[in-house]
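Below: one structure, written as structure tokens.
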Amino acid sequence: MSTETLAIKITKTKESRINEVDFNNIPFGKVFSDHMFTMDYKDGEWSNPEILPFGKMLFSPAMSSIHYGQSIFEGMKAFRKDGEVYTFRAKDNFARLNRSADRMCMPNIPNELVMNGLKELLRTDKEWIPENETNSLYIRPFMFATDEYVGIRPSETYKFMIFCCPVGNYYSEPLKVKIETHFTRAANGGVGEAKAAGNYASSLYPAKLANEQGYHQLLWTDSKEHKYIEESGTMNVLFVINNTLITPSLSGTILPGITRNSVLTIAKDWGYNVEERQITVTEVIEAIKNGTLTEAFGAGTAATIAQIQTIGLDGMDYELPEIKGREFSNRVLKFLNNIKRGQETDKWGWIDTV
Ligand code: COI
């Protein structure tokens with residue numbers, strides 16, 4: 001049997017937890033659906049694809065990912081509308097997982113194998129996919145090194161897993177973000193464009209300092225001069241200045257966001273001026289001051305389109321135009337919500353029906 005068509009062993013839970021969940025009030029990332037998917041990599045191939053009840057697992061204290069950080073992940077979402085289940089750009093997320101894997105010296109996963117696993121998991125936990133317009137099922141695929149070895153070299157064994165969380169909004173209010181001009185998220189030649197666990201670990205301390213100053217998140221700048229905007233802690237960032245949608249170009253230090261790409265694709269299709277280029281901190285602040293910046297927002301799977309209300313720099317807070325007048329970001333959010341639920345023509349082939 002080829003790797004692509006490996007049979008998935010399914011063991012269902014004897015006691016579903018679904019009745020304990022208040023689907024009208026779901027905290028992000030704290031409620032887990034009944035099942036998870038797992039698969040092992042050994043001797044150069046993937047084996048043992050399995051769906052089993054979500055639960056704790058046993059690992060060696062010498063497991064190398066804990067020590068040396070060979071750990072990557074993805075974030076994607078499933079939606080349910082009129083009995084149909086849809087995933088949004090799942091193949092693109094898995095392609096990015098493989099690119100992260102290359103950078104971190106980890107094995108690729110054949111697309112068909114991982115899509116089969118995901119679809120089977122979603123069929124098993126279909127009832128966990130929220131049906132209303134604001135909620136969805138967040139899907140967390142991830143891979144980590146499992147060798148028991150205290151020495152620096154790529155692991156020879158890995159585990160790949162997927163679990164799911166019914167979720168509402170990641171951010172419950174417009175954001176106040178601080179432009180970070182001291183700490184760095186990623187440097188040229190580093191792992192900034194990989195979705196590697198360590199990128200998030202290193203962002204925690206600067207983000208904590210910003211939280212203590214009343215900011216929700218950071219806007220990272222380049223490591224060399226802290227002059228150019230890069231991305232936010234949980235999402236890419238986009239601005240509308242002089243009626244042009246502008247976002248930092250993918251320089252190797254920025255996560256190539258799937259939502260970012262979707263927004264740019266839609267904007268071009270709608271005839272908006274779109275620029276992917278370096279954007280300086282000075283340009284953003286000047287555009288706020290002279291009124292040419294009309295919108296600023298984050299884009300990410302978890303965050304979706306997250307409006308930015310305030311930008312802080314060097315102890316000064318700059319207020320942005322009010323949210324309800326933001327023509328582009330409000331329109332793209334609505335369009336994306338519809339496309340994800342099969343209510344817009346999927347002209348880019350982004351939707352898979354489960
Ligand atoms: C996602 O948007 O899927 C992420 O991985 C970001 C994380 C903050 C939840």
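The values are calculated or read from the model by the stated rules, or taken from the named source; none is laboratory data. It should be emphasised that the depicted structure is a prediction, and the values quoted were computed from it without experimental measurement. Reconstructed Cβ throughout: ideal geometry from the backbone, glycine too, with neighbour counts over all protein chains shown. Side chains are part of the model used for accessible areas, which takes the heavy atoms of the whole protein and leaves out ligands, DNA and RNA. Shrake-Rupley method; radii C 1.70, N 1.55, O 1.52, S 1.80 Å.
The table below lists the values:
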{"item": "Subset of region 263-302 [over 30 Å from Arg140 (Cβ atoms), among the small types (Gly, Ala, Ser) and surrounded by 14 or more Cβ atoms within 10 Å (Cβ to Cβ)]", "result": "Ala287"}
{"item": "Odd one out for Ile229 among (1) free of Cβ contacts under 8 Å to residues at least 60 places away in the same chain; (2) outside any loop (DSSP other than H, G, I, E, B); (3) under 22 Å from Thr345 (Cα atoms)", "result": "(3)"}
{"item": "Subset of region 34-76 (residues that are among the polar types (S, T, N, Q) and either modelled with pLDDT under 95 or more than 16 Å from the ligand (Cβ to nearest atom) (or both))", "result": "Thr38, Ser47, Asn48, Ser60, Ser64, Ser65, Gln70"}
{"item": "Qualifying residues in region 206-240 (those that are within 20 Å of Tyr171 (Cα to Cα) and among the aromatic types (Phe, Trp, Tyr)) - the one surrounded by the most Cβ atoms within 10 Å (Cβ to Cβ)", "result": "Trp220"}
{"item": "Failed item, numbered, when Thr134 is tested on (1) over 21 Å from Asp43 (Cβ atoms); (2) touching a Phe, Trp or Tyr at 6+ places or on another chain (Cβ under 9 Å); (3) assigned to a loop (DSSP other than H, G, I, E, B)", "result": "(2)"}
{"item": "All positions within region 96-121 that are without any contact (Cβ under 8 Å) to a residue 60 or more places away in the chain and within 19 Å of Ile51 (Cβ to Cβ)", "result": "Asn111, Val114"}
{"item": "Segments classed as strands (runs of 3 or more DSSP E), wholly inside region 282-354, with at least 1 members that are aliphatic (A, V, I, L, M) and in contact with a His (Cβ under 8 Å, 6 or more places away or on another chain)", "result": "none"}
{"item": "Unmet criterion (only one of (1) touching a strand residue (DSSP E or B) at 6+ places or on another chain (Cβ under 9 Å); (2) open to solvent by 20 Å² or more (accessible area, probe 1.4 Å)) for Ile305", "result": "(2)"}
{"item": "Selection within region 59-68 - open to solvent by less than 30 Å² (accessible area, probe 1.4 Å) and under 24 Å from the mean Cα position of the chain (by Cα)", "result": "Ser65"}
